[in-house]
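S.K.: What follows is a structure written as structure tokens; I'll ask about it next.
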């Protein structure tokens, strides 16, 4: 079993829809939960991170963590074609060793 | 301000050969990490360098080695290449080694082993 599981999709939604992306993890020692976005032919870029259970909002993006269920989510409101990318959840293990999910490929259709 | 740069962009090698990939961190960053991203998969941590020493290592064989130079740039070396080493190799840099110190990724080097 992988430490971090993520549905690879692909996920295709119309512009303006609310998108929900999810990951589950097995290591209860994970304390920080990150979401990265990776455009085609680019490296991942950090969108946001959370520390504890609960919600964190940044513009159109909301990250949600449920430590009791070992389940994290990223919601995108008013989705735009420019949001089309692969979204990766990641958790640091130790200092900075990031453990990534497989990534979910998202397409927003105009 | 240039971000993380990597060279070369693409590379084709044959089985058994050796390869060296290079990374220049974001200006002012002192920590460099390397990741391997197979097609359709998330990145996997190879190792991290700080103060010219390997600080953390992922589950990769000794064929994978690295180096960090005094100017913080870094190299990843892979010996005795296997077909399974074909992947996108990503370099990430950060200022500091706390879990919350943002890692900035370069565009990667696409390695194809034939």
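S.K.: What FRET efficiency comes out for the pair residue A:68/residue B:100, r = Cβ-Cβ distance, R0 = 30 Å, nearest 0.05?
M.R.: 0.85
S.K.: What is the distance in Å between the Cα centres of region A:9-32 and region B:7-49?
M.R.: Computed from Cα coordinates, the inter-centre distance equals 26 Å.
S.K.: Still on this model: Any number yet on Rg/Rh for region B:12-114, C-alpha, Kirkwood?
M.R.: Checking Rg against Rh, the ratio lands at 0.96.
Read the figures in this text as sums done on the coordinates, not as results from a lab. Just so it is clear, the structure is predicted and the values come from calculations on it, not from any experiment. Reconstructed Cβ throughout: ideal geometry from the backbone, glycine too, with neighbour counts over all protein chains shown.
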